[in-house]
Each structure stands twice: as C-alpha cells, then as structure tokens.
1. Is it the case, given these coordinates, that A:ILE88 is crowded, with 19+ Cβ neighbours inside 10 Å and touching a Ser or Thr at 6+ places or on another chain (Cβ under 8 Å)?
2. Residues of the range B:102-111 being away from chain A (no Cβ under 14 Å) and surrounded by 23 or more Cβ atoms within 10 Å (Cβ to Cβ), which ones?
3. Counting just the residues of the range B:263-283 that are small (Gly, Ala, Ser) and surrounded by 15 or more Cβ atoms within 10 Å (Cβ to Cβ), which one comes out farthest from B:GLY119 (Cα to Cα)?
4. Among the listed residues A:PHE81, A:PHE50, which satisfies the condition of being surrounded by fewer than 24 Cβ atoms within 10 Å (Cβ to Cβ), over 30 Å from B:THR86 (Cβ atoms) and of a type in the set (Phe, Trp, Tyr)?
5. Say whether the condition of being at pLDDT 95 or above and surrounded by fewer than 21 Cβ atoms within 10 Å (Cβ to Cβ) is met by at least one residue in the range B:134-147.
6. Among the residues of the range A:192-207, what is the count of those that are of a type in the set (A, V, I, L, M) and either surrounded by 23 or more Cβ atoms within 10 Å (Cβ to Cβ) or within 13 Å of another protein chain (Cβ to nearest Cβ) (or both)?
7. For the range A:130-186, give me the residue count where each residue is free of Cβ contacts under 8 Å to residues at least 60 places away in the same chain, facing chain B (nearest Cβ under 10 Å) and under 18 Å from A:GLY258 (Cα atoms).
8. So which of A:GLY300, A:GLY254, A:GLY258, A:GLY239 is outside any helix (DSSP H, G or I), more than 14 Å from chain B (Cβ to nearest Cβ) and small (Gly, Ala, Ser)?
Amino acid sequence: MLLKLEPRGETSRAMVYLTPLLAIFLTLIMGAVLFALLGHDPLEAMHAFFIVPVSSAYGLGELGVKATPLVLCAIGLAIGFRANVWNIGAEGQLTLGAIFGGGLALWFYDSDSVLLLPAMALAGALGGLAWAAIPAFLKLRFNANEILTSLMLTYVATLLLSLLVHGPYRDPDGFNFPESRLFEDSALLPVMIEGTRLHLGAAVAVFVVLAAWLILSRSFIGFQIKVIGLTPAAAGYAGFRHSNLVWLTLLTGGALAGLAGLFEVAGPIGQITPVISPGYGFTAIIVAFVGRLHPIGILGAGLLIALSYLGGETVQIQMGLPQAVTGVFQGLLLFFLLACDVLIRYRIRWTLGTPKETRRTAA
Amino acid sequence: MIQGVFKTLGAAALGMAVTLGAASAEPTKVGFVYVGPIGDHGWTYRHDKGRLAIEEAFGDKVETSYVESVPEGADAERVIRQLASTGHDLIFTTSFGYMNPTVKVAKQFPNVKFEHATGYKRSDNVSTYAARFYEGRVIAGILAGRMTKSNVIGYIGSFPIPEVVRGINAFTLSMRKINPDAEVKVVWVNSWYDPGKEGDAAKALIDQGADIIVQHTDSPAPMQVAQERGVFAVGQASDMTQFGPKAHLTSIIDDWNGYYVERTKAVMDGTWSSGDTWGGLNTGMLRMATYNEAIPAEVVEEAEAARKAIEAGSLHPFAGPVLDQDGKEMVAAGAVAEDGMLLSMDWYVQGVQGKLPK
C-alpha cells in the first residue's frame with residue numbers, strides 16, 4: 001500500500017477560508033487530548049488557556065495590546081507577500097520605528113505639546129520605511145534577494161538599538177543601565193479604556209486593517225498587486241511597473257512595522273529598552289499566513305496568536321504547566337493549517353503495489 | 001526534534017508535580033517571574049531552586065507559581081499584574097528588565113509585596129536584592145591567572161551593563177595581580193540565554209588563543225565547548241561540572257534559597273519591609289563550586305585564602321589603586337570602591353582588550 005498525493009483540478013474557494021477554522025478546531029481537540037495525557041482535566045485546562053485570559057476587561061485589553069503589533073506587521077507583510085515580495089525583516093523595521101519615534105520622545109523630553117505624539121508616530125513610520133527602503137533598493141538595483149537582505153538588516157537594527165540604549169538614549173539618572181528615561185505623559189499613547197492598557201494604537205491597527213482591505217479589494221493598486229503575485233508575466237504585458245510595486249509594498253510594510261514599534265515604546269513599554277519586541281516581526285509572518293494574507297483574516301489570526309500567548313501565561317500560573325505549552329499550541333495550529341492546505345490542493349490516493357518509476361529504478 | 005518533545009513532556013511532568021503540593025486553608029502565595037526557562041541550568045534554574053526551597057521549608061503553608069521565559073518588554077507588566085491579581089502575596093521578579101513594570105504594578109497593588117532582583121528602584125512594597133557576583137570573579141581570576149598558558153582569557157558577556165562590567169573588572173584585577181601578562185578578550189552576545197550564540201562566542205575566543213573561558217551568560221554551552229576543545233572554563237550561576245567535567249575549573253553559584261525562605265517567612269509573620277540586599281560570599285548568597293582536580297593544591301589554597309579574606313572583609317575586590325584603561329586613577333591607593341561606583345561602573349580596567357561598547 002502506498003500513499004500518493006494527486007493534485008486536485010480546482011481548489012474549493014469555500015475550503016480555503018474554512019481551513020483556518022478547521023485547523024483551530026483540530027488544534028483544540030489535540031490540545032484537549034494533550035492536557036488529558038498530562039493528567040489535567042482538559043476542560044479546565046482549555047478554560048484556563050482560552051477563556052480566563054479574556055474574561056475581564058483588563059484581559060480583553062491585553063489581547064488588544066498583544067495583537068496590535070502582530071496585526072500591523074502582518075498587514076504590511078501580507079501586502080508584499082501578495083505581490084511576491086518577501087519581506088522577512090519586519091522585526092528590524094519595527095525596531096527602527098521605535099528608535100526613530102522613541103528618539104523624538106527623548107529629544108523633546110520636556111515638551112508637553114499635543115503635536116509630539118503625532119510627530120513620533122510619523123517618525124516611527126518613517127524609520128521603518130527607511131529600513132525597508134534598503135532591501136527595496138538592493139533588490140531593484142542589484143537584484144539582491146530581499147529575503148536575505150531584509151532578514152540580515154534585522155540584526156543590524158537590533159545592534160543599532162543596543163548601541164543607542166547603551167549610549168545617547170541612556171537614562172542620565174539610571175546608573176548606566178541600558179534603558180532610556182520613562183517617557184513623559186505627552187509622549188505616551190492615551191489609554192482607550194480606563195483600567196486597561198488598551199492604547200490608541202489598537203484603534204489605529206483596526207483602521208489599518210479596514211483600509212488595507214479596501215485598497216486590496218477595490219483599488220487599482222490592489223489589482224496590480226494581485227496580478228503581479230499570480231502571474232508576473234501577465235502583469236508585465238499589462239504594463240504594470242514591477243519596480244513601483246516593489247517600492248510600494250516594501251515601504252508600506254516597513255512603515256506599518258515602524259508604527260508598530262513606536263506603539264510599543266509609546267504604549268505598553270513607555271521607554272526605550274534594549275529589547276523592544278519579543279519577535280513580533282517574525283510571528284507576524286505566521287499571522288499573515290494563518291490569516292490567508294487577507295486583512296480581516298489577519299485581524300482574526302493576530303487575536304488568536306495573541307490569545308495563545310496570554311493563555312500560555314495563565315496555564316503556567318493556574319496549573320503550573322510549562323511555558324512550552326504556548327509553543328505546542330502554536331505549532332499544532334500551524335501543522336493542522338498546513339495539513340489542511342495540502343488536503344485541499346491534493347487528494348490522497350491509496351495505491352496497491354509500487355509505482356512504475358520506482359520499479360524501474362529498482363530494476 | 002524527538003528530544004525536544006521529551007523535554008517538553010518532562011518539563012510538563014515537573015510542572016504537574018509542582019501543582020500537587022498545596023492544599024491548605026489560606027496558604028501564602030508566592031509568585032516568580034523568570035527571564036529564561038527553568039531548565040537553563042544557570043540563572044533561572046537557580047531562582048527556581050529558591051522557589052522549591054520555599055516549598056520545602058513551608059510545605060502546605062505556601063503555594064508557589066511561576067511564569068518562565070517572560071520577555072523583558074511589554075509582556076512583563078501583564079504577567080506581574082496577573083500574579084498580583086490572582087492572590088499572590090509575594091512576587092519575585094528575577095531580571096533587571098522587570099524593574100519599571102514591577103514598580104508600576106506595585107503601585108496598583110499596595111498590599112502585595114514585590115522583590116526585584118538586580119534593580120535599583122524601590123518603594124514601600126518593592127524591595128531589591130542581588131548578590132555580589134563580582135566577589136566570585138576574584139576567585140575565578142586567581143585560578144585563571146595561575147592556570148593559563150597562553151595568557152589570553154576569553155570572557156563571554158551578556159549585555160555591557162554595570163553588573164557585567166564589574167565582573168570583568170574584578171576578574172581582571174585579581175588575575176593581573178598574580179599574572180600581569182594575562183589579558184582578557186570580551187565578546188558580547190547581547191543575550192542572557194542563547195546557547196547557540198554563547199557556544200559560538202566560546203569557539204571564536206578559543207580560536208583567538210584563549211585557553212580559559214569565563215562567562216556571564218546563563219547557558220552551559222560555553223562549558224561544553226571548552227570541554228570539547230580541551231580548555232578550561234568557569235561556570236556561571238549554577239554548578240556546571242556535569243557539562244564539562246574536565247574543563248570545569250569552578251563555578252560561581254548563586255544561592256537564593258536562604259533569602260527567598262527568609263523573605264517568605266517575613267511576609268507570613270507580617271514583618272516584611274522594603275529594603276535593599278546585596279549579599280556577598282559571607283551571606284551564602286554566593287558560593288564556589290568544587291575546584292577541578294587538575295588545579296594544583298597550592299593554587300586551590302590561594303583561592304580559598306582569598307575567599308576567606310573576602311568573607312572576613314580583609315580583601316576587597318576593588319581595593320585601590322585601580323586604574324582604568326587610559327591609566328586614570330579610579331580608586332586611590334588605600335581606598336576601596338564605594339558601592340555607588342560599583343553600581344554604575346562603565347569603564348574597563350587595564351588588561352581588558354577593546355573598548356567598552358557605549
């Protein structure tokens with residue numbers, strides 16, 4: 001008996017959107033089995049993982065706080081991915097956003113101008129944009145692979161941040177510890193719901209999701225991105241400028257990641273620290289794909305991945321389970337999603353005996 | 001991969017064992033926030049030993065919980081708050097990067113006691129504590145000064161913060177007192193726990209001629225590399241003998257058990273008050289692991305004599321004259337460095353190669 005994967009003629013459109021839900025469902029079942037095997041009541045564990053973290057206003061706020069950078073980065077990445085532009089360096093662009101925008105907060109430390117925050121947001125977006133411009137330039141001028149250049153620039157960005165918080169950004173009263181001063185209120189994002197940490201950045205993220213949806217589905221630019229992603233040759237015949245789209249998608253992705261970085265330092269962190277993001281830029285790649293590169297899907301995926309982090313913390317505190325549970329859940333989700341994808345595109349055939357090719361080589 | 005799965009299951013089993021402990025009416029709840037995994041065999045591992053010591057000391061009168069691998073950023077505040085809002089009476093936040101989140105949450109929960117490791121911000125319900133790790137570096141410096149043949153010591157640093165710089169300087173001063181030709185090469189890995197990077201740093205340093213590796217990072221990877229390459233190494237935070245039995249000169253062991261038990265007791269008795277503790281070899285917060293058998297007896301004696309002298313207070317790691325790299329006198333002859341200077345140290349002593357990243 002042999003397993004054989006045969007391509008299906010047409011992939012079901014409904015299934016493409018249903019698979020994430022199916023994958024979530026399978027993850028939940030596997031998760032419950034796993035908890036049961038570990039000797040915990042699966043219902044209690046699932047409750048602690050998925051319900052407890054969001055059963056209070058504060059918890060819901062935290063979900064928004066955690067999802068905001070993921071969604072912002074993922075939207076930017078997805079726009080590029082749709083056009084076959086593989087920006088892997090959102091983490092670095094995020095860091096530059098924090099460096100630029102946060103730097104402004106330190107520069108105008110004494111200012112209580114209402115313009116400070118908008119200026120910081122602009123500077124943050126510009127920082128990310130500038131960092132993404134480097135791989136765009138290298139790709140178009142030297143045909144350098146943007147996967148490599150954007151990824152490598154992430155490490156440069158991290159070191160640049162380190163250099164700054166050990167030097168010019170360092171808190172003058174901080175005993176030489178590598179941290180900036182705490183931002184003044186004028187440089188902090190307003191909290192939207194009293195008693196939570198849900199900041200204005202979350203609202204901006206939702207706005208970005210809707211705007212991206214509109215642009216991708218309704219505008220000529222969105223159409224160009226789609227065509228170039230599906231069949232680059234056709235886009236060429238249609239006279240779409242490939243280089244324009246590379247610039248556009250990378251710069252947009254960079255700006256959104258930069259904004260995410262600024263929102264982190266001006267939001268929940270409130271200062272510049274040597275480590276700003278626990279890998280949001282990389283997790284956003286997963287979020288983008290789980291969300292099917294669709295803005296609304298990304299919003300859902302961002303919330304789901306955010307919830308998996310919060311749930312991981314809760315089961316640690318409540319049930320003494322290790323942090324690895326978070327990773328296991330995220331891994332299961334990806335595994336089932338990819339597995340479902342394979343089964344949508346291919347059907348499994350059981351064949352008797354060995355296929356011809358194998359027999360020939362064997363003989 | 002398979003190994004990873006087993007590790008996960010093993011860790012899960014351990015987590016289960018931990019939760020089974022408590023079942024009394026009103027146990028005191030103690031929470032811990034860790035920067036690394038409890039299996040790092042370094043920093044976090046030792047803090048978790050301290051947590052287990054609390055459980056052992058008070059049995060079902062306490063209940064402990066922990067959250068591991070909490071990033072030092074936006075997440076820390078949520079985790080600390082979650083512990084505070086779920087009935088924990090005492091919370092230990094065990095990394096420098098948790099300082100501001102700890103202080104922030106502490107303001108909102110005035111009835112919960114907080115203990116922050118290695119920071120400097122305190123309030124009515126926030127204490128700080130740390131160990132004088134640099135005292136152990138003095139012992140390591142003596143061993144290195146006597147045992148090196150190439151006179152090149154490789155030093156793996158995490159972040160160039162005062163705590164780490166202080167360790168490098170204490171080590172170098174002590175080593176050069178007995179071996180003025182020996183020099184220290186420093187590699188920064190910008191992480192507290194990254195076995196891959198730490199191992200690579202050890203390899204690079206050995207390739208540059210280092211025959212002794214000292215680390216101020218938390219994984220045993222440098223010790224393993226030293227063992228493979230046939231050089232000596234000094235372990236960090238916990239006894240790392242098992243990761244390099246031949247390489248292991250000694251380890252500087254953090255021992256939080258006593259402090260954690262004492263502070264928990266204080267909360268139970270209602271006598272807890274905010275303060276700052278900076279414990280050295282004399283408090284037991286810091287210990288030396290067993291010395292390698294390859295070290296000649298007289299060198300062991302010399303190291304032990306120094307340890308006793310530090311405990312007795314007759315030897316200070318930063319006794320003047322101490323000169324910085326440019327030859328400027330930082331501590332005058334006959335004086336010793338004040339704690340304030342130690343806490344904000346951002347300069348290298350002579351004998352350390354390269355410039356301190358600023």
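The values are calculated or read from the model by the stated rules, or taken from the named source; none is laboratory data. Everything numeric here is computed off the predicted structure, so don't read it as measured data. Glycine gets a Cβ as well: all are built from the backbone with ideal geometry, and neighbour counts include every protein chain shown.
1. yes
2. Scanning the range B:102-111 gives a single hit, B:ALA106.
3. B:ALA266
4. That would be A:PHE81, the only listed residue that is surrounded by fewer than 24 Cβ atoms within 10 Å (Cβ to Cβ), over 30 Å from B:THR86 (Cβ atoms) and of a type in the set (Phe, Trp, Tyr).
5. yes
6. Going through the range A:192-207 one residue at a time, the tally reaches 3.
7. 1
8. Only one candidate passes the filter, namely A:GLY239.
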